[in-house]
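Worksheet: the structure to be examined is printed underneath.
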């Protein structure tokens, strides 16, 4: 079976759209984590040297890292998201994800559960 250029171009465009959706969902996850942090720590942020966290994406070769950074500059990896499949993993270390998939951002039900359970401390990434 041979594929012509039109087929290749069509699949290339579909892969690009999927990857853009994964980045969009990663940004939504970062926003959900910030909102959760603010709602859990209302009134305490900035007082008594309590850290203020921000969440953002750093892209690597295979994964998007969801980075959690304090206002003092300390950083840790909150989660990993596979760039091709949208699978969310708990971080095993700064450089590697845990083995088990926690959520799938391309599946609506799994994505909605991820966003609704998102917790800045990472409790939603543990297996129940």
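The values are calculated or read from the model by the stated rules, or taken from the named source; none is laboratory data. Since we're looking at a predicted model, the values are computed, not measured. FYI the Cβ positions are ideal-geometry reconstructions off the backbone, even for glycines, and counts take in every protein chain you see.
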Among (1) part of a loop (DSSP other than H, G, I, E, B); (2) in contact (Cβ under 8 Å) with a residue 24 or more places away in the chain - the single one residue 95 does not satisfy:
(2)
Hey, residue 11 out of contact with any strand residue (DSSP E or B) (no Cβ under 7 Å at 6 or more places or on another chain), farther than 18 Å from residue 125 by Cβ and at pLDDT below 85 or not
no
Mind listing whichever residues of the range 27-46 are at pLDDT below 90, surrounded by 13 or more Cβ atoms within 10 Å (Cβ to Cβ) and assigned to a helix (DSSP H, G or I)?
38
Of the residues 79, 121, 98, which is over 24 Å from residue 15 (Cβ atoms) and in contact with a strand residue (DSSP E or B) (Cβ under 8 Å, 6 or more places away or on another chain)?
98
Answer yes or no as to whether residue 97 is at pLDDT below 95 and within 17 Å of residue 121 (Cα to Cα).
no
Exclusive hit being farther than 12 Å from residue 29 by Cα, under 14 Å from the mean Cα position of the chain (by Cα), without any contact (Cβ under 8 Å) to a residue 40 or more places away in the chain and surrounded by 13 or more Cβ atoms within 10 Å (Cβ to Cβ), set 77, 52:
77
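Out of 62, 24, which single residue is loosely packed, with under 13 Cβ neighbours inside 10 Å, in contact with a strand residue (DSSP E or B) (Cβ under 8 Å, 6 or more places away or on another chain) and at pLDDT 95 or above?
62
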Counted residues, the range 47-88 - those being under 15 Å from residue 106 (Cα atoms), assigned to a strand (DSSP E or B) and in contact with a helix residue (DSSP H, G or I) (Cβ under 7 Å, 6 or more places away or on another chain)
3
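So which residues in the range 101-118 are outside any strand (DSSP E or B) and either in contact with a strand residue (DSSP E or B) (Cβ under 6 Å, 6 or more places away or on another chain) or farther than 30 Å from residue 13 by Cβ (or both)?
Here is the first cut: in the range 101-118, the ones outside any strand (DSSP E or B) are 105-118.
The answer is 110, 114, 116, 117, 118.
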